[in-house]
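Report on the following structure.
Each reported figure results from applying straightforward, stated rules to the coordinates on display, with no laboratory input. This is a predicted model, so every value here is computed, not measured. Here the Cβ is made from the backbone with ideal geometry for all residues, glycine too, and neighbour counts use every protein chain on show.
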Amino acid sequence: MTANAARKIVQFPTAQGRNIITIASGKGGVGKTWFATTLAHALARHGERVLLIDGDLGLANVDVQLGVTPQWDLSAVLSGRVRLSQAILPYDAGGFDILAGRSGSGVLSTAGREKLLGLRNAINKISGRYDRVLLDLGAGIDATVRLLMGGHGTILAITTSEPTALTDAYAFIKVARMKYPNADVRLVVNNATTVQDGKRTYATLASACRNFLKIDLPLAGIVLNDRHVREAIVHQAPILTRHPTTPASVSVETLCRRLRE
Ligand SMILES: Nc1ncnc2c1ncn2[C@@H]1O[C@H](COP(=O)(O)OP(=O)(O)O)[C@@H](O)[C@H]1O
Ligand SMILES: [Mg+2]
């Protein structure tokens with residue numbers, strides 16, 4: 001084996017998964033799935049090869065938000081019926097690929113540790129074929145979320161300004177950092193009434209993280225409240241196509257550009 005070939009083999013595992021962006025929140029209903037699909041679309045519009053994975057094993061809904069009917073989903077992957085790569089389908093309207101989850105599937109929400117770790121490894125491996133892989137996780141901080149989260153790449157914790165969302169985001173960040181001390185965790189404030197309001201929410205959480213967890217919490221971005229979000233979801237169409245210049249679209253586009261810097 002040449003020295004170059006040996007170096008490649010040594011370097012490959014450490015690089016795997018670094019391009020994964022995990023989207024998580026603690027609390028449900030804060031906009032994770034909508035944000036994940038919109039960020040996937042924004043990255044694809046910048047020419048990136050993107051895979052969006054619906055990792056909400058209990059209440060999956062990426063496919064519903066985008067109005068697609070996948071033949072295979074994560075439950076088929078977890079039960080060994082198909083390989084992960086076979087369950088991926090192109091979402092032509094957005095120019096990115098998706099891997100659907102499955103709502104209400106017992107197979108998914110009760111999958112054991114070994115299966116979940118196997119799934120995470122398969123995700124790390126497939127990430128080599130893409131510029132970016134987005135993993136939309138379910139709410140909460142249970143074992144499934146902790147195992148799927150992984151320690152590579154970037155973790156975007158999402159909150160709104162509601163106190164319940166803030167405390168759940170704090171709990172999530174605490175658990176994520178305990179499990180993965182070197183994790184790159186950043187905050188997204190969603191559904192902010194104004195940028196000022198979003199900054200206040202960020203400042204509150206950043207100061208709790210500094211004081212009690214002794215960590216810096218960078219701000220990934222602030223996404224404004226926008227009635228077009230709901231309208232696009234109702235029409236199962238990407239907001240960046242339907243309403244490219246409204247506040248939420250512009251916010252995600254700005255956040256996307258900062259992520260790519
Ligand atoms: N920036 C926003 N402006 C207005 N409504 C939003 C915004 N983000 C999310 N929503 C609303 O919140 C709802 C829940 O979003 P969803 O992505 O399903 O949350 P989660 O995946 O965290 O459970 C959406 O159906 C949408 O109506
Ligand atoms: Mg969701």
- Could you pull out every one of the lysines with an alpha carbon less than 24 Å from that of residue 174, ignoring same-chain neighbours closer than 8 positions? 27, 32, 199, 214
- Query: What ³J(HN,Hα) values, in whole Hz, does the Karplus curve 6.51 cos²θ - 1.76 cosθ + 1.60 give for the range 71-81 when θ = phi - 60°, with x put for Gly and Pro?
  - Reply: 6, 10, 9, 4, 5, 5, 5, 5, 8, x, 6
- Message: Once you compute Rg and the Kirkwood Rh from C-alpha atoms, what is the Rg to Rh ratio for the range 56-165?
- Response: 0.95
- Restricting the count to DSSP beta bridges whose residues both fall in the range 18-259, what percent are antiparallel, rounded to a multiple of 5? 10 percent
- Counted charge near residue 75, where neighbours are those whose Cβ lies closer than 9 Å (Asp, Glu -1; Lys, Arg +1): +1
- Message: Assuming 0.36 nm per residue, please report the length gained on full extension of the stretch residue 86 to residue 49 beyond their Cα-Cα distance.
- Response: 11.6 nm
- As a check on your grasp of the helix formula, calculate [θ] at 222 nm for the chain: sum -39500 (n - 2.57) over DSSP H runs of n ≥ 4, divide by the residue count, round to the nearest 500. -13000 deg cm²/dmol
- Query: After finding the eigenvalues of the alpha carbon gyration tensor for the chain, what semi-axes result from the square roots of 5 times each, listed largest first in whole Å?
  - Reply: 27, 23, 19
- Projected area, mean over directions - the range 159-261, Cα convex hull, nm²: 7.2 nm²
- Query: Which distance in nm do the two modelled labels at residue 195 and residue 179 give, with both placed 7 Å along the Cα-to-Cβ direction?
  - Reply: 3.5 nm
- Message: Under the 0.36 nm per residue contour assumption, what length would be gained going from the current alpha-carbon distance of residue 113 and residue 69 to full extension?
- Response: 13.0 nm
